[in-house]
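S.K.: Here it is, the structure in full.
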Amino acid sequence: MEATKLTELQKIAVKIRMGVIEGVHAAGAGHPGGSLSIADIISYLYFSEMKVDPKNPKDPDRDRMVLSKGHAAPVLYAALAEKGYFPVEDLKTLRQADSHLQGHPDMKKTPGVDMTSGSLGQGISAACGMALCAKLDKKDYRVYAIVGDGESEEGQVWEALMFAAHNKLDNLCVIIDNNGLQIDGAIHEIVSPAPYEEKIKAFGCHLVTMDAHDFDSIEAAFAEAKATKGQPTVIVAKSVKGKGVSYMENQVKWHGSAPNDEQYAQAMAELNAALAAL
Amino acid sequence: MKLGDKIATREAYGKALAALGETHDFVVLDADLAEATKTVYFKKAFPDRFFDCGIAEGNMIGVAAGLAAAGKPVFASSFAMFAAGRAFEQIRNSVAYPHLNVKIAATHAGITVGEDGATHQCNEDIALMRTLPGMLVINPSDAVEAQAAVKFALEHNGPCYLRFGRFATPVLHDPDTYSFELGKGEVLRDGTDVTIVATGLMVSMALEAAEMLSAEGISARVINMATIKPLDGEILEKAAVETGAVVTAEEHSVIGGLGSAVAETLSMIHPVPVYRVGVMDSFGRSGKVPPLLKLYGLTPENIVAKAKLAIAAKR
Ligand SMILES: Cc1ncc(C[n+]2csc(CCOP(=O)(O)OP(=O)(O)O)c2C)c(N)n1
Ligand SMILES: [Mg+2]
């Protein structure tokens, strides 16, 4: 990747991480860990990969992104705000009764949200429906779905992959955020969906692996997905839950809790330092 | 199709889909039951717009939601048990909450599934679907009404639950003059002593019951309530005021279905005795349909008995 583009994306990703911390801290609740693990992927999607226009969020020909792991809403909101769908200040209203920023994504309330999600396992099926619609209407928009690795314990995820492969939905790209953690502990201690590689191939999908915090790797993975014809692509994105805030990294307890004022200050200091270094 | 013919509402559903496919752009999904739900007619006529999702009802509803979110009207079919039952939460969160344009067309509702028995006899779907904000719940009484309801649902923008039966039942409406109106009950027979509010296949039995009551000198009004949500409060209020007693009749649990809806409404606007005919808090069982209907009290005789109790309970 070109150096200026790389720096630009890295800066955007830091700002989006700040948006996550701002929102979750202001709300006093929310899911920072799984938001931070996909911050780089979301940055790449909205600022390089997807054909979207914040001035025309309902454009029927736009690319679509379904956040199947809907609890990572703070990172989606931060990206949409950064992209200009709504003011960045709105992020501080996260989870408030009068806010358009619900605890989980709501397509009827927030401009730029393509699908309501939050009940794990469901978003990926909706993404299949959208990709099927593009095929039926002979349109060339693409559909992205981000699924959690814990979420992939839901049978519906595999029903959806079977459906996508059977219907040759090569305009569908599923990203599994493989951060290794869920709520009750590490994936391998709960009910491990590993090994992904063999399963995904056996379900008829094209498998790509990615380092979720390396933009060259992210770019290459999405390019390979786009070039893949006749079958959907599933990207297994190796990520670090809580990435970018030192004390949150790889910590189960930061799945669904908000930083206090002191922790907030530390997180913002770290992110400001990261921004300054770019 | 003419008055008195015996046709299952699922049959009318399938035929309506195939006919509407000629003029309307929409998609039909099924979950490995196309021959039984009768979506097979559409599948044969429009193979490019029919998708069998396999035995994966939750995913089917999600796919339907995605199609609708991308602008495509869609019907998703399975048996009531697996559509409203298995996929309840998908319907709740992926269809009803975002208020997407998905028609859930469920067949084989109630105990007239017959031989397959309790695991396939859904007596809870009206209750489940009725609790969902913004969901329309339509339970046609015959093939004519079923056909009209399918067209209405397709042209309506929003989520809708359509309930169809397996068993062939008499055509009660004249296909040439009938038109479906959402949220409107239909007085099929006037009366002054008691009102029978029926839905689905119980409507023809309600008419028989009214005839039997009339032989005993009791004048019964019969209302066909095809739309259970939104419920026609006006026609109920009028019936309660004018006849002072109500019996409901449905092929569904007496808990949460038409009977509950009518009682909830009347308790507020004009309380009168409401007696409910339906499945009395029990599961179904295997059997031929006529003995099953008898076993579960889904008969004109039981409606007559409940009508007399309701009349006796008048203040
Ligand atoms: C169907 C369903 N069950 C349970 C939950 C509660 N829940 C929210 S997040 C979560 C863990 C998700 O783990 P994972 O998919 O790995 O997410 P990530 O690590 O990316 O945050 C659970 C169980 C839910 N939202 N939906
Ligand atoms: Mg995880």
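The values are calculated or read from the model by the stated rules, or taken from the named source; none is laboratory data. Every value quoted in this text rests on a predicted model; they were computed, and no experiment measured them. Cβ: placed from backbone, ideal geometry, glycine included. Neighbour counts: every protein chain shown. The area values use the complete protein model at the heavy-atom level, side chains included, leaving out ligands, DNA and RNA. Shrake-Rupley method; radii C 1.70, N 1.55, O 1.52, S 1.80 Å.
S.K.: Below 13 angstrom from the Cβ of B:T192, what's the summed charge of the other residues (Lys, Arg +1; Asp, Glu -1)?
M.R.: Neighbour charge sum, excluding B:T192 itself: +1.
S.K.: Ignoring ligands, DNA and RNA, please state the percent of accessible area on the range B:267-306 from carbon and sulfur, probe 1.4 Å.
M.R.: 61
S.K.: Could you point to the residue in B:V28, B:L207, B:A118 farthest towards the positive end of chain B's charge dipole, with +1 and -1 charges on the Cβ of Lys/Arg and Asp/Glu respectively?
M.R.: My answer, from the dipole projection, is B:A118.
S.K.: Further question: In deg cm²/dmol, rounded to 500, what helix-only [θ] at 222 nm does the protein assembly as shown give when every DSSP H run of at least 4 residues adds -39500 (n - 2.57) and the total is split over its residues?
M.R.: Value at 222 nm, helices only, nearest 500: -11000 deg cm²/dmol.
S.K.: Tell me the net charge near A:D211. Cut-off is 13 Å between Cβ atoms, A:D211 excluded, with +1 for each Lys or Arg and -1 for each Asp or Glu.
M.R.: -3
S.K.: Roughly speaking, what is the stretch gain from B:I269 to B:E35, that is 0.36 nm per residue apart minus the C-alpha to C-alpha distance, in nm to one decimal?
M.R.: Stretched out fully, the B:I269 to B:E35 stretch lengthens by 79.8 nm.
S.K.: Net charge within 9 Å of B:P273 by Cβ-Cβ distance, Lys/Arg positive one each and Asp/Glu negative one each, not counting B:P273 itself?
M.R.: With Lys, Arg at +1 and Asp, Glu at -1, the neighbours total +2.
S.K.: Ok, one more. Can you list the aspartates and glutamates whose alpha carbon sits under 19 Å from that of B:K238, skipping same-chain ones fewer than 8 residues off?
M.R.: B:E181, B:E186, B:D190, B:D193, B:E264
S.K.: Can I ask one more? About its Cα centre, what dipole magnitude does the protein assembly as shown give when the only charges are +1 on Lys and Arg Cβ and -1 on Asp and Glu Cβ, stated in debye to the nearest 20?
M.R.: 640
S.K.: Treating the beta-carbon of each Lys and Arg as +1 and of each Asp and Glu as -1, no other charges, what is the dipole magnitude of chain B about its Cα centre, to the nearest 20 debye?
M.R.: Charge dipole, chain B, about its Cα centre: 320 debye, nearest 20.
S.K.: Spelling out what I want: for every residue of the range A:261-276, take phi, set θ = phi - 60°, compute 6.51 cos²θ - 1.76 cosθ + 1.60 (Karplus), and round to whole Hz; glycine and proline get x.
M.R.: Along the range A:261-276, the couplings run 4, 5, 5, 4, 4, 5, 4, 5, 5, 5, 6, 5, 5, 5, 5, 4 Hz.
S.K.: On a 21 Å Cα-Cα criterion, which of the cross-link pairs A:K139/B:K72; A:K58/A:K168; A:K55/B:K103; A:K83/A:K109; A:K11/A:K243; A:K108/A:K229 come out too long?
M.R.: A:K58/A:K168; A:K55/B:K103; A:K108/A:K229
S.K.: For a Förster distance of 60 Å, can you work out the FRET efficiency between the beta-carbons of B:I255 and A:K201, rounded to the nearest 0.05?
M.R.: For B:I255 and A:K201, the calculated efficiency is 0.80.
S.K.: Taking a ≥ b ≥ c as the square roots of the Cα gyration tensor eigenvalues, with a/c under 1.5 meaning rounded and otherwise prolate when a/b beats b/c, else oblate, which class fits the range B:6-170?
M.R.: rounded
S.K.: Would you kindly state the longest site-free stretch of chain B, with sites defined as GluC sites (Glu not before Pro) in a DSSP loop (not H, G, I, E, B) surrounded by at most 13 other Cβ atoms within 10 Å?
M.R.: Answer from the scan: B:23-180.
S.K.: How long is the gain from A:T209 to A:A3 if the chain were fully straight, where each residue apart is worth 0.36 nm and the alpha carbon distance is subtracted?
M.R.: 71.9 nm
S.K.: Okay, next question. Using the alpha-carbon atoms, what tilt in degrees (0 to 90, nearest 10) does helix B:233-243 show relative to the longest principal axis of chain B?
M.R.: 20
S.K.: Could you state how much accessible area is buried at the B-A interface, both sides summed, with a 1.4 Å probe, in Å² to the nearest 100?
M.R.: So the total buried area for this chain pair works out to about 1900 Å².
S.K.: Here's a follow-up. How much of the DSSP beta bridge set in the protein assembly as shown is antiparallel, as a percent to the nearest 5?
M.R.: Just about 10 percent of them are antiparallel.
S.K.: Moving to a separate point now. Set the bar at 28 Å for Cα to Cα. Now go through B:K184/B:K308; A:K199/B:K38; B:K6/B:K294 and name every pair that lies beyond it.
M.R.: Beyond 28 Å between Cα atoms: A:K199/B:K38.
S.K.: Can you run phi through the Karplus equation (6.51, -1.76, 1.60; θ = phi - 60°) for the range B:288-294 and list ³J(HN,Hα) in whole Hz, with x for Gly and Pro?
M.R.: Taking θ as phi minus 60°, the curve returns 6, 4, x, x, 5, 4, 5 Hz for the range B:288-294.
S.K.: Residue by residue through the range A:25-38, what is 3J(HN,Hα) from phi via Karplus (6.51 cos²θ - 1.76 cosθ + 1.60, θ = phi - 60°)? Round to whole Hz and write x for glycine and proline.
M.R.: Result, ordered by residue: 5, 5, 6, x, 6, x, 10, x, x, x, 6, 5, 5, 10 Hz.
S.K.: Compute the FRET efficiency between B:S219 and B:R285 as 1/(1 + (r/R0)^6), taking r as their Cβ-Cβ distance and R0 = 45 Å, and round to the nearest 0.05.
M.R.: Step by step, r from the Cβ atoms, then E = 0.80.
S.K.: Let me ask something else about it. Residues of the range A:221-249 with amide nitrogen under 20 Å from the 7 Å Cα-to-Cβ point of A:S192?
M.R.: Within reach of a label on A:S192, which here means backbone N under 20 Å from a point 7 Å along Cα→Cβ, the range A:221-249 contributes A:236-241.
S.K.: Could you name the aspartates and glutamates whose alpha carbon sits less than 14 Å from that of A:K69, not counting residues in the same chain fewer than 8 places away?
M.R.: Result set, ordered by chain and number: A:D106, A:D114, A:D149, A:E151, A:E153, A:E154, A:D177.
S.K.: What residues qualify as long-range amide H neighbours of A:R64, i.e. H under 5 Å apart, gap of 5 or more or another chain, H built at 1.01 Å from N?
M.R.: A:R142, A:V143, A:Y144
S.K.: Keeping all protein chains in place and using 1.4 angstrom, which order do B:R276, B:R315 fall into by accessible surface area, from largest down?
M.R.: Result of the area sort, largest leading: B:R315, B:R276.
S.K.: Would you please classify the overall shape of chain B from the alpha carbon gyration tensor, given that a ≥ b ≥ c denote the square roots of the eigenvalues, rounded means a/c under 1.5, and beyond that prolate means a/b larger than b/c while oblate covers the rest?
M.R.: In terms of gyration-tensor shape, prolate.
S.K.: Using the Cα centre of the protein assembly as shown as origin and beta-carbon charges of +1 (Lys, Arg) and -1 (Asp, Glu), tell me which of B:A146, B:I228, A:M65 is placed farthest towards the positive end of the dipole.
M.R.: The residue sitting farthest along the positive end of the dipole is B:A146.
S.K.: So, in Å, what gap is there between the alpha-carbon centers of the range B:144-207 and the range A:232-275?
M.R.: Each part's Cα centre sits 57 Å from the other's.
S.K.: Further question: Compute the length gained on full extension between A:S246 and A:D261: take 0.36 nm times their separation in residues and subtract their Cα-Cα distance, giving the result in nm to one decimal.
M.R.: Here the answer is 3.8 nm.
S.K.: Now for a separate question. I'd like to know which of A:H255, A:V174, A:V52 lies farthest towards the positive end of the charge dipole of the range A:3-277, counting +1 on Cβ of Lys and Arg and -1 on Cβ of Asp and Glu.
M.R.: Most positive-ward Cα: A:V52.
S.K.: With +1 on each Lys and Arg Cβ and -1 on each Asp and Glu Cβ, how big is the dipole of the range A:3-277 about its Cα centre, in debye rounded to the nearest 20?
M.R.: About 700 debye.
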